[in-house]
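To start, the structure under review is shown below, and the notes come after it.
Just so it is clear, none of the values below were taken in a lab; they were calculated from the coordinates. As the structure is a computational prediction, the values presented were derived from the model and not from experiment. Using ideal geometry, Cβ is built from the backbone for each residue, glycine included, and neighbour counts are taken over all protein chains shown.
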Amino acid sequence: MVSLRRLFALSSVAFLAVLAVSPVKNSMRPYRAIQKEYERIGMARATTLKAAQAYASNPIAIRQIWIPDFDNRVDRCTTCHLGVSDDAMTNAPEPFTRHPETVHTPKDFARFGCTSCHGGEGLATFEADAHGRTADAPSPVLPAAYTEAGCGRCHLGDFVSDAPVLSNGRALMEQSGCFACHAARGHEDFRSDAPPLDTIAVKTGGEWLRQWLSNPKGVDPNATMPNFRLSRQEIDELSNYLFSRPVTPELQRAVEAAAAEPPGNAANGKTLFAESRCITCHTVGGKGNGSAPELGTIASRATRGWLIAFLRDPHAFNPQTRMPRYGFSDTDVRDIVAWFEDDLRDFNAPKSILDPLRVNQTLAERGEKLFKTAGCFACHIKTTKETERFGPDLYGIGDRRAVSLDFGKRTDLPRTLEAWLDAKINQPRSFATGLKMPTFSFDPEQRRAIVTALLAMPAKPVPEALRVSTPRQASLVPAGTIGAIVARYRCLSCHQIGTEGGDISTAPLTFEGSKVNRDWLASYLQLPYSIRPILPERMPVLKIPAEDAAKLADAIETWYVDPSIPDDPFAGRPASDRDAAEGQRLYTTLGCRSCHIIGNNGGYYGPPLTDTKTRLKSGWVFRFLLNPQRWRADIRCPNYGLTDSDALRLTAYLETLSSHKETRR
Amino acid sequence: MKRLLVSALSIVLAAACHRAPRATRAAMSNRPSLYERQIGKQVFQTYCAGCHGDTGQGDGFNAFNLDPHPRDLSDPAFQKKTSDADLADAIRRGGAGVGLSSLMPPWGHTLDARQIDAVVLYIRTLKQDTGAAK
């Protein structure tokens, strides 16, 4: 009986001790000291007694943000990061610093928590666990350099405002053709821009091809083709294979016929070239947009016959090319190519640079194999099925655990995902022998951007309700005659219509019909002039025949209109001379002339306004003045916060501007 | 038991919290995060560099059309005498708003307060002696 009592007493003590372990352990947790420190700093910084009391009365406790709708997230980060939304904690020492103000903070802390953007282990309350500094941490905190990866997990569009690095990374990945080899969510139907190789044998010479294959960027700084670090032997094999490929008979005939044509007039070609504004996409000696090949040495790169035939119908050579089919006459093209041959050649190149390669069948067969094993086909022979992608997929790459990565020979690298990705992009083949990924020449900033874009690819997509992306609209370009004109002149290579199109032009065409006068447009299409003289990218003189220009102008006038833009902003009460005079005064006081020219007075950051009446519709001018950024988000013209009546007066003034004495036709 | 204790003590962070008046925010912060600098740089290059130049020296391509010339923002003397709040104010209200040239437009309706704060922080990095900082 006594022993039973003793046992009971002992076990009670033991039980008590066991129960005490948890509170004792808890009392020694580091966050308690951190919270006491916060109280001390807060009281020292407080400017009112009430504020100081508030710091003092905060209970010492674990704090958390619980978001049932977001994967049932529980973020306890604010247990230590107590000052994230406390203005008094600006510049306080970590972990108390106030969170910098962003689009989402401080207002959305309760909506997204912390780890959804920054990574880290939300439930943990020890620093090393929470920040994922332990080996095999599932989700380490994103380093500051890659912060914008957090934005990209919900914001799935190519351009994410307020995330310049992420947007740049996504654009770089798209341009560089990463998705031709690597499958990734959202890029399933990616197709490379690389040209088909069917006419190589009549386009260039063996020597040029050898130089190109050994270092594409060395030949053309605009090249998007990476360096495959091919050996001499491999280059020989590939060249032989490419020259052995049969040339499409019609194209071969076109090239041969062109080669036999009489020489052109180089002086005229030079003029034509300049007015055609080729550098809107190409460069010459590095000047120009650079999204298409450098033309400085074009005559040492392609044969005369090929150039002539190509310029006459680029789409026959490459149906996917962004190059428009200019309305050049046969003589025009001969003249342009004559000028290429006179001036745009590599004067240091060997004479034989364009001599065709005599094909050695054995080498060609080996080259054919190499074409497959090196992955050339991934860009040059288009595949659309993602199962056929040549490289490893990128699904969930942003959540790969560092321990699962093969660092191979790179013992020098920190064992983190971001270091691994950066090195993979910088020196892809340094990890092991036999790796196939080619080398892109990205600078450190570009690599940071790409790694940011990669880290934004989660293993598990965020809940549907949180995803932000602009859904692709159906094409607004109609089939038929208009579609054929738009395709021929490749309007969408530069302009946007709806969600389609390139971004070389600053003028989206979706609502062009509400913006410009039909007659002005019809004549502009035939003979465009530069609306923004500061930009190297200008509307090319495409030599569109009057008939096509009229059809296009009519179509734009009919379809591409914004119903919210009024036809007559003055609502039937025409502006008086006094309104116009008042508008002119506003033009001066607002400082419009710092960017716009009228006559010969003003800056040239924005378009000249001398011919506003001829060019622009008054409803559009009025609406634009009220909110320029509505037209395009990155428009530089400031929103002056004008009242409707001031905007009307300014419109009235601008509508008086015309260099023509009478309205044309 | 432990879980009970913890959850009983936990407090969900209140989202509604006191905020300082806007104009002083930029002035309070002298240690911009890398992200804030990135945003500031983006805004500066989009809206400011055309006249003030990529490095803020008042030598943008549109500068020589303007009389008076755009301010050299990298000038250490200018940086010293102008407070963050003054800079933000000039950006918001434009030259005419602060008694200077109306050729500098007001950006208060185009950029939000956060973007203006970010660009002020970025302008600070343009100070000449640290001119290379980007």
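Side notes on the structure shown:
- According to the Kirkwood relation over distinct C-alpha pairs, the hydrodynamic radius of region A:203-317 is 15.7 Å.
- Our estimate of slack between A:Asn318 and A:Arg40, defined as 0.36 nm per intervening residue step minus the Cα-Cα distance, is 93.0 nm.
- Histogrammed with a bin width of 10 Å, the alpha carbon distances of the protein assembly as shown distribute as 2, 10, 17, 20, 20, 15, 8, 4, 2, 1, 0, 0, 0 percent, first bin at zero.
- Exposure proxy order (Cβ contacts within 10 Å, fewest to most) of A:Thr614, B:Thr110: A:Thr614, B:Thr110
- Note that region A:35-48 has calculated 3J(HN,Hα) couplings of 5, 5, 5, 4, 4, 5, 4, x, 5, 5, 8, 4, 9, 10 Hz, one per residue in order, obtained from phi through the Karplus relation 6.51 cos²θ - 1.76 cosθ + 1.60 (θ = phi - 60°); glycine and proline are x.
- With a 10 Å cut-off around each Cβ of B:102-115, the average count of Cβ atoms from other chains is 5.
- For B:34-40, mean number of other protein chain Cβ atoms within 10 Å: 6
- A straight line joining the Cα centroids of region A:601-663 and region A:427-497 runs 34 Å.
- Inter-label distance, nm, simple model (7 Å from Cα along the C-beta direction), A:Arg185/B:Leu34: 2.5
- Annotation: amide H-H contacts under 5 Å for A:His155 (H modelled 1.01 Å from N, sequence separation of 5 or more, or interchain): A:Val468.
- Gain in span if fully extended, A:Asp136 to A:Asp562, counting 0.36 nm per residue against the direct Cα distance: 147.9 nm
- Above 21 Å, the calculated P(r) of region A:480-559 contains 19 percent of its Cα-Cα pairs.
- About the Cα centre, charge dipole magnitude for region A:30-141 (Lys/Arg +1, Asp/Glu -1 at Cβ), debye: 420
- Furthest towards positive pole of dipole, A:Phe317, A:Leu251, A:Ser231, structure part region A:200-372, Cβ charges: A:Ser231
- Phi-derived couplings, Karplus 6.51 cos²θ - 1.76 cosθ + 1.60 at θ = phi - 60°, listed residue by residue for region A:395-410: 4, x, 4, x, 10, 5, 6, 4, 5, 8, 8, 8, 7, x, 6, 7 Hz, with x used for Gly and Pro.
- In this structure, A:Arg229 and A:Lys287 have a Cβ-Cβ separation that, at R0 = 22 Å, corresponds to a calculated FRET efficiency of about 0.15.
- Per-residue ³J(HN,Hα) for region A:330-343, Karplus 6.51 cos²θ - 1.76 cosθ + 1.60, θ = phi - 60°, Hz, x for Gly and Pro: 4, 5, 3, 5, 4, 5, 4, 5, 4, 5, 3, 5, 6, 10
- Relative contact order (percent, whole number), chain A, Cα cutoff 8 Å, 6+ residue spacing: 12
- From least to most packed, judged by other beta carbons within 10 angstrom and beginning with the fewest, B:Trp107, A:Trp559 follow the order A:Trp559, B:Trp107.
- Between region A:513-535 and region A:1-53, the alpha-carbon center distance in angstrom: 76
- Close amide H pairs (under 5 Å, H built 1.01 Å from N) link A:Gln496 with A:Leu509, residues at least 5 positions away or on another chain.
- Of A:Lys107/B:Lys41; A:Lys287/A:Lys351; A:Lys36/A:Lys107; A:Lys515/B:Lys41; B:Lys41/B:Lys81; A:Lys50/B:Lys80, those spanning more than 29 Å from alpha-carbon to alpha-carbon: A:Lys515/B:Lys41; A:Lys50/B:Lys80
- Each of B:Asp54 and A:Val468 was given a label point 7 Å from its Cα along the Cα-to-Cβ line. The distance between the two points is 2.9 nm.
- Taking other C-beta atoms within 10 angstrom as a stand-in for reagent exposure, A:Ser291, A:Ser231 fall in the order A:Ser231, A:Ser291, fewest first.
- 5 angstrom amide H check on A:Val284, placed H, neighbours 5+ away: A:Leu295
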